[in-house]
1. How much length is gained if the chain between residue 484 and residue 357 is pulled fully straight, taking 0.36 nm per residue apart and subtracting their Cα-Cα distance, in nm to one decimal?
2. Return one quarter of the surface area of the convex hull spanned by the alpha-carbon atoms of segment 723-1020, equal to its mean projected area, in nm².
3. Would you mind giving the average projected area, over all directions, of the Cα convex hull of segment 213-326 in nm² with one decimal?
4. Under the Kirkwood approximation for Rh and a Cα-based Rg, what ratio Rg/Rh is obtained for segment 85-192?
5. Starting from the 7 Å offset along Cα-to-Cβ, what nm value, one decimal, do you get for the label separation of residue 581 and residue 1044?
6. Report, please, the projected area of segment 870-915 averaged over directions, based on the convex hull of its C-alpha atoms, in nm².
7. If each DSSP helix of 4+ residues adds -39,500 (n - 2.57) and the sum is divided by the residues in the chain, what number results at 222 nm, nearest 500 deg cm²/dmol?
8. Rank the residues 409, 755, 243 as a footprinting-exposure proxy: fewest other Cβ atoms within 10 Å of their Cβ go first.
């Protein structure tokens, strides 16, 4: 009813009358008053926030240009600025300038003002200015929601727009809103519950508002030919909705002719984007133009499905297509409107500090640190269990893996768990030098003693999945044990808990008053796409009498003090403490019923308590921290603002858990003789060459073979550098307990991948497993990762970033775990993305963003100096403007922003992986089945739901544009997105070298040396040169003759070690 009332009464209209022509130039001016708001923040989106350079661009074609017309003037957007020129064409005049991105201009009905969307205020909002570019002022003022697509109401002081918000899914939803031009928060016209993607509104008709709407929320690989978008209208008189155009080919981007008789819209006929005309009176349709550029019906359409077009006074359309502007008559005749744009754009230099290869591996991920009264700290690192005494000596407790240590109250016994890939998991209790195994196998985690030490509970995963991945547990059980004369006996299952998967840590268990206490997540049924709460519950030892005690805002960890007077929890990566009561009462921290103190501002991880309950403990990377809490809850407590907002509270104790191990390296010499070597050192190709390896390094090329060296004759074979996948999601399916050996790592090695970078992974898992590989505890490629993403959507682990200091805290948090890259993921505000970039530069961390299918946001990141753009630019083909802009990022001293198009999931159309599934099934690939679990492969590849015509593959055009950017000087890299472990890397490589795209050598450059440059490791890997690490792929066939020979692998050398190892 709220929406209806806004529609029916906010725009009172008389009975329909014949439409009037556009107001003349002497019409009364449109009045817009600025929204009252606080003074602009000190952050200037247009400012220079570090070293920068100017790029001169001179073009006569452009990409995705929105246009607006008034009289004999046309205004259009190009490369984030607005330009004006006569309708006859010519040299365009720049109306806006700066790093901020200005798009979607719209003349007011009287022509006195231009509305446009801009992120100049820190977030993309609606602005207005005079047609000469002066007196720009903001109309909408959303902190998080992005507002685009301004449309003027010709009958009153209103502006319409498209308001985008995000929930737990970062793609977001959009609604149509309206704002009074004198201010206010605006009113919704549509609801995302009914129409999650509404936009492209047209308001020129005196009675109806037309707009386009997608059938439901965005999903990949949806079919626009079957009818994905439709055009609807809203009746101004009563607020009723009606669908106007729908069906085969979809319908979007409506525009109504000045006389109101014709509705022009965008549709699809197979692979062609068409402009059709609907006769409003008769309902008849006809094709007006079949030469448009590709639409974004299948993309996120964050700035519409096609650029905005407008009408001239004589009833013709002005629109963009094929990089040009056109005047199109209703008879289908068109004439080009020539333009020339010349100007300077400022791009920040892209800074990259080289990443060294160290001889020692330092554990940066410390899990379950817990200290007893004697000062001994037990903790898990590198997948093993360790004990640090109060003098700083660290000794290994577990022979194999070791997890989840928990001290008895007296500090004399230590319960912990282990996992063996062959035999499964066990629960142990260690006292002194003696360790006993408790009865029962399974995936054990989080044991806890009773206060008297006579009872023990632990969480056990029960399996149940064909995949046997450690997170694929049908459910978890709480199992109780009690001590008897012979040791420990099982008292059976207390209760079962749902499996939280790999997204949430397993709940901590607590024994108190003959009850087991734990936390469980509670979704919000009223808001299923928003984060829920966490509830602290308890059950009796027989599983009955379940009680709820405390409601917390969604928490990743919850830990109760031993005296049951305090509760600590982790939310959004930070540590909070509150008082609690063990009595049967229900309190809510979410509703402010109890005092809560935030303890950390960088990270509070793996939280726990001292044995006397006086101090809270946590980890920050390799540091163990402890803080007495009594003062935080003393009467009259007032926390004084610290000089350093990210500093630990006064009184924090810091213990460095300095655990190191030597980096694993082979010994001995190996000579690879008579090889053809594609070195990737420029265009160098060596014939009949000898590569001598010594330990982990390339000792020489065509140098003498040392005495005693093992020799392998490679006659007829080709050697290339080890492949580097810079966007390699491993899709770790583990909880807190990790496998000894990731099969994904072995599959990567099988296919020649010697280095990979996972730009979104569990922080604990990926860095722990990376350390294990480097230390020789497991086999695998060299692993780099961003760890968990800096998530801009809703979630209990999201990265809310209200200040530049919050961005610094997030980067410091990830750097503490060993990340030298971070992934800024769909942070919608431009200011926040700039804060992250500055923080990364200050802390020598690479900022790798989620591309998000938004070309304009991506180019803004190029301007801001991001190290790479992940995922494809959806608006293909690209034209000279974007190519010149992107190619302007490198300088004589810097390599510029890299581009990883991830063609197997290319935006804007069918995912490229489907082409490969359709043309060559991987089900019988012998190399793939060496370590890829067959039944998991079957689940992924046995039946595919996409079959398409060969002309319907967008990834091929994306690959051609990537090749054009590479030719222009942009470093393009290979990223296979983890769509199919191992073989998927070669699919991506073959797509890079596909029809009309890169040559085989250029594609290999993207897969090797440019991947090393992307990661800052090109000084010691990425090419075959003396002194570099020996990362090699030996091929039976020549990939330069046919790039599809890249998986004809004889063997692989990673870090000087042959794979597969010889018998």
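Rule-based calculations on the coordinates, nothing more; no lab input. As the structure is a prediction and not an experimental result, all values here were calculated from the model. As a convention, Cβ positions derive from the backbone with ideal geometry for all residues, glycine included, and neighbour counts pool all protein chains shown.
1. The residue 484-residue 357 span can extend by a further 40.5 nm.
2. Approximately 15.5 nm², given one-decimal rounding.
3. The number I arrive at for segment 213-326 is 7.8 nm².
4. Taking Rg over the Kirkwood Rh, I get 0.99.
5. About 7.4 nm, to one decimal.
6. With every direction weighted equally, the projected area is 3.6 nm².
7. For the chain, the value works out to -3500 deg cm²/dmol.
8. Sorted ascending by nearby Cβ count, the order is 243, 409, 755.
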